[in-house]
Amino acid sequence: MSDVQHDGGAHRVGIDELLERVRDGYERLGPEEARAAAEEGALLVDIRYAELRARDGLIPGALVVERNELEWRLDPQGSHRAAQAVGHGLRVVVICNEGYASSLAAESLHRLGLYRATDLIGGFQAWRAAGLPVEV
């Protein structure tokens, strides 16, 4: 038996390179831009886990969807979609704690056809640091 592992010639990508590639596919928003987008009808989606939401609070009006349910809740064609998942043209701003997991989540939404999905640079922590509204 050989100690050599074969990967079929596939290029292995680390998380930093993956994030860079994913983020090149759409325009990310800063906190003020995300707030303005929400005022214009974008759906803010908080994918942080419950412990972080309890500790740090919530963005008023944001839809809370656990990360592992995101695609099922936002797929406009899905049987488990949220009422807000009205179409593929919906502007979605995904928010995680610091802006990393949200990038991968936004890319996943793009694969579902939600072509206007993006994420918040710096996540919830950047929103709060910008002095934007938070419900505790």
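The values are calculated or read from the model by the stated rules, or taken from the named source; none is laboratory data. Everything numeric in this text was worked out from a predicted model, so none of it was measured. Neighbour counts are summed over all protein chains in view; Cβ atoms, including those assigned to glycine, are modelled from backbone coordinates with ideal geometry. Remember, those area values only see protein heavy atoms, side chains included, never the ligands or the DNA or RNA. Shrake-Rupley method; radii C 1.70, N 1.55, O 1.52, S 1.80 Å.
For this structure, a couple of remarks:
- Antiparallel bridge percentage (DSSP; both residues within the chain; nearest 5): 10 percent
- Per-residue extension of 0.36 nm, minus the Cα-Cα distance of Glu32 and Asp16, leaves a gain of 3.2 nm for this segment.
- The accessible surface of the stretch 1-135, taken with every protein chain in place and a 1.4 Å probe, is 49 percent carbon and sulfur.
- Counting charges near Ala42 (Lys, Arg +1; Asp, Glu -1) among other residues having Cβ under 14 Å from its Cβ returns a value of -3.
- The mean accessible area for residues of the chain, using a 1.4 Å probe and ignoring ligands and nucleic acids, is 58 Å² per residue.
- With the charge dipole of the stretch 91-136 set up from +1 on Lys and Arg Cβ and -1 on Asp and Glu Cβ about the Cα centre, the Cα lying farthest toward the positive end among the listed residues Asn97, Leu112, Gly122 is that of Leu112.
- Largest to smallest in accessible area, the residues Val86, Val92 fall in the order Val86, Val92 (1.4 Å probe, all protein chains included).
- Point-charge dipole on Cβ atoms (K/R +1, D/E -1) for the chain, about Cα centre, debye to 20: 320 debye
- In this rough spin-label picture, where each label sits 7 Å from Cα along the Cβ direction, the Leu58-Tyr115 distance is 3.3 nm.
- For the chain, the Rg and Dmax computed from alpha carbons only, in angstrom: 16.5, 61
- Length available on full extension from Ser79 to Glu98: 0.36 nm per residue minus the Cα-Cα distance, which gives 3.8 nm.
- Label-to-label distance for Ala50 and Val134 is 2.1 nm, based on points extended 7 Å past Cα in the beta-carbon direction.
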